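S.K.: Would you mind keeping the following structure in view while I ask a few things?
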Amino acid sequence: MSKITILWVDDEIEYMKPHILFLEGKNYQVTTCKSGQEALEEIAQNRFDIVFLDENMPGISGLETLTEIKTIDTTLPVVMITKSEEEYIMEEAIGSKIADYLIKPVNPNQILLSLKKNLDNSRLVSEKTTSNYQQEFRKIAMDLSMVNTYEEWAELYKKLIYWELQLEEIEDSSMFEILESQKVEANNHFGKFVDNNYRDWFNSDDGPVMSHTLFKEWIYPEIKNNKTLLVVIDNLRYDQWFAFEEGLNAYYKKSKEKPYYSILPTATQYARNAIFSGLTPLDMEKKYPEWWKNDTDEGGKNLFEDKFLGEQIKRLGLDFKWEYHKISSLKQGKNLSQNFKSQKDNDLTVIVYNFVDMLSHSRTEMEVIKELASNDKAYRSLTLSWFKNSPLLEIIQQAQAMGLKLIITTDHGTINVKQPSKVVGDKETSLNLRYKTGRSLSYNDKDVLASKNPKEIHLPSINMSSSYIFAKNDLFFAYPNNYNHYVGYYRNTYQHGGVSLEEMIIPFIVLDPR
């Protein structure tokens, strides 16, 4: 393996001789210069792995040299070494993207630590992460055999996401593959847990906060005495929230983060209508038949969310000013951002943002999106890129300036489906890939959570003999006719409506302005 090459720039380089001998004894190759100009000539002609740069030199100063180095090679790490502890010098150096900052006199171990931090970082992190996950693997495996409450499942799921985000950054893909198999096993167990407990959650005070109770239980206490911006990002998984959480830190500080459970089906027309109405789908159909639409009905299924919300606000006795906005395009987002100051007198501003949902559907239909979001890591990355450049971030920045409390949540998550499960139904059967409702459904029992009596899970029936089935794990429903084409088209796409950790356990975040 070739030696790591260091360029050390100091007008008093002779005093650094003991440090240089120490590094050469550690098998580093050190080239020395006495001025910034010499350093720039060396860098123009030779390849170095890292530069140690004295800040206070005659001629071109260290900070000026640093700027010139970055114009030659933006990726070359530079460690600034200085006698001065003046704050402005540190700020200038940090602003110029130095790799490290050391105060003279430096000892050899400080130099060695800086080298390892900047050049050996990925290997050391990889080894430590692998070691830590190997220890945690056994504990997660034990938890999987014992977890038996909705709180424990939420904690376990967040733990799996944590390790997924850690392991995807390291070079050893074998550990990531082990985690993936552990997620599959977790979803197998979770499907059984939901099958055994979901019906009881509607008839007990011991169940989790769910879509239809979210507003009353968690949103209402936050908004009744605070001007608030409530953002519902359609189809947002917990891992996607973690991906762009850091982008909010400059504007908001998180005061609460709690997982809640989406109702079944984990689909927009059911879950999001339930959030805004504060009712189950069965009760929505009974109380507001003019607003509720079943799967086979013509027309949009989420056209009356604002009306549902208005009715719930009345029931809760909230006498305040509120507005509702649904954003389904860049133009709509920009228009709201440009006019957001008009919301300043509202007690509650509600924004439904549809981008992530559109992204998941586009991934099914467009080859270019399939390339950009080929797996969960890429899907998260694409979500983060959208958020950083979206009108939503601009709106959140304005909300912070206006002193608004911020609540971010979603209606359900989504899962990358891998395996088909054959299902047969009549012409009236719904079309969703992760759930079906209709008469005379034929399916594989072990692949689904089935409800022959929809009322027991508070769902309306299209007709007297309708039932529901929900796909478990990463399965998707496929009809026998034209089976191979259907399977090839939908395999490895993001779908929702069924029973999985990714779809059901979703984030509720409360943030206060900085």
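S.K.: Residues that are surrounded by 24 or more Cβ atoms within 10 Å (Cβ to Cβ) and either modelled with pLDDT of 95 or more or among the basic types (Lys, Arg) (or both), at least 3 per element: which helices (runs of 4 or more DSSP H) completely within region 227-308 meet that? So that I can check it myself, show each step before the final result.
M.R.: Details: elements: 238-245, 268-277, 281-287.
In region 227-308, 268-277 are the helices (runs of 4 or more DSSP H) which contain 3 or more residues that are surrounded by 24 or more Cβ atoms within 10 Å (Cβ to Cβ) and either modelled with pLDDT of 95 or more or among the basic types (Lys, Arg) (or both).
S.K.: Please work out which one of (1) within 22 Å of Asn203 (Cβ to Cβ); (2) among the basic types (Lys, Arg); (3) under 27 Å from the mean Cα position of the chain (by Cα) is the condition Lys256 fails and give its number.
M.R.: Failing condition for Lys256: (1).
S.K.: Would you mind telling me which numbered condition in (1) within 26 Å of Asn109 (Cα to Cα); (2) in a helix (DSSP H, G or I); (3) at pLDDT below 90 Thr67 fails?
M.R.: It is condition (1) that Thr67 fails.
S.K.: Restricting attention to region 1-33, which residues are of a type in the set (S, T, N, Q) and under 15 Å from Pro108 (Cβ atoms)? If you could, list the steps in order and put the result at the bottom.
M.R.: Step one: list which residues in region 1-33 are of a type in the set (S, T, N, Q), which gives 2, 5, 27, 29, 31-32.
Correct list: Asn27 only.
S.K.: Shifting gears a bit: Please determine, by comparing only the residues of region 171-180 that are hydrophobic (A, V, I, L, M, F, W, C) and closer than 20 Å to Ile415 by Cβ, which one is surrounded by the most Cβ atoms within 10 Å (Cβ to Cβ).
M.R.: Leu179
S.K.: Give the number of residues within region 1-55 that are farther than 18 Å from Lys83 by Cα, touching a residue at least 40 places away in the same chain (Cβ under 8 Å) and part of a strand (DSSP E or B).
M.R.: Number satisfying all stated conditions: 4.
S.K.: Still on this structure, I have one more. Looking only at region 402-428, which residues are buried (at least 19 other Cβ atoms within 10 Å of the Cβ) and of a type in the set (Lys, Arg)?
M.R.: Answer for region 402-428, where residues must be buried (at least 19 other Cβ atoms within 10 Å of the Cβ) and of a type in the set (Lys, Arg): just Lys405.
S.K.: Might you check whether a residue that is surrounded by fewer than 15 Cβ atoms within 10 Å (Cβ to Cβ) and outside any helix (DSSP H, G or I) occurs anywhere in region 151-165?
M.R.: No.
S.K.: Given the conditions (1) surrounded by 20 or more Cβ atoms within 10 Å (Cβ to Cβ); (2) at pLDDT 95 or above, report the number of the one that Lys183 does not fulfil.
M.R.: The single condition Lys183 does not satisfy is (2).
S.K.: Restricting attention to region 372-421, and to residues there that are of a type in the set (Ser, Thr, Tyr) and part of a loop (DSSP other than H, G, I, E, B), which single residue is farthest from Phe176 (Cα to Cα)? Quick ask: steps written out before the conclusion?
M.R.: Residues of region 372-421 of a type in the set (Ser, Thr, Tyr): 374, 379, 381, 383, 385, 390, 409-410, 414, 421.
This time we only want the ones that are part of a loop (DSSP other than H, G, I, E, B), so: 374, 390, 410, 414.
Values: Ser374: 16, Ser390: 31, Thr410: 27, Thr414: 20 Å.
Per the stated criteria, the residue is Ser390.
S.K.: I need a count of the residues in region 131-167 that are of a type in the set (Phe, Trp, Tyr), modelled with pLDDT under 90 and under 15 Å from Glu185 (Cβ atoms).
M.R.: Residues that pass the stated criteria total 2.
S.K.: With respect to the numbered conditions (1) aliphatic (A, V, I, L, M); (2) at pLDDT below 85; (3) not in a helix (DSSP H, G or I), which one is the sole condition not fulfilled by Ala93?
M.R.: (3)
S.K.: Next question. Considering only residues of region 145-167 that are touching a residue at least 60 places away in the same chain (Cβ under 8 Å) and among the hydroxyl-bearing types (Ser, Thr, Tyr), which is farthest from Glu177 (Cα to Cα)?
M.R.: Among residues in region 145-167 that are touching a residue at least 60 places away in the same chain (Cβ under 8 Å) and among the hydroxyl-bearing types (Ser, Thr, Tyr), the one farthest from Glu177 (Cα to Cα) is Tyr150.
S.K.: All but one of (1) crowded, with 20+ Cβ neighbours inside 10 Å; (2) at pLDDT 95 or above; (3) over 27 Å from Asn273 (Cβ atoms); (4) of a type in the set (D, E, K, R) hold for Glu394; which doesn't?
M.R.: Answer for Glu394: the failing condition is (1).
S.K.: Take the residues in region 189-210 that are of a type in the set (S, T, N, Q) and modelled with pLDDT of 95 or more; name whichever of them is surrounded by the most Cβ atoms within 10 Å (Cβ to Cβ). Can you show your working first?
M.R.: Of all residues in region 189-210, those of a type in the set (S, T, N, Q) come to 196-197, 203-204.
Those left that are additionally modelled with pLDDT of 95 or more: 196-197.
Numbers: Asn196: 11, Asn197: 17.
Here the answer is Asn197.
S.K.: Do the conditions hold for Thr429, that is, is it outside any loop (DSSP other than H, G, I, E, B) and among the polar types (S, T, N, Q)? Spell out how you get there, then give the answer.
M.R.: Working: outside any loop (DSSP other than H, G, I, E, B): no; among the polar types (S, T, N, Q): yes.
No; evaluated as a whole, the condition is false for this residue.
S.K.: Among the residues that make up region 321-329, is at least one of them in a helix (DSSP H, G or I) and free of Cβ contacts under 8 Å to residues at least 12 places away in the same chain?
M.R.: Residues of region 321-329 in a helix (DSSP H, G or I): none.
No - not one qualifying residue is present in region 321-329.
The values are calculated or read from the model by the stated rules, or taken from the named source; none is laboratory data. Remember, predicted model here, so these are calculated numbers, not experimental data. Quick reminder, even Gly has a Cβ in these numbers, built from the backbone with ideal geometry, and neighbours come from all protein chains shown.
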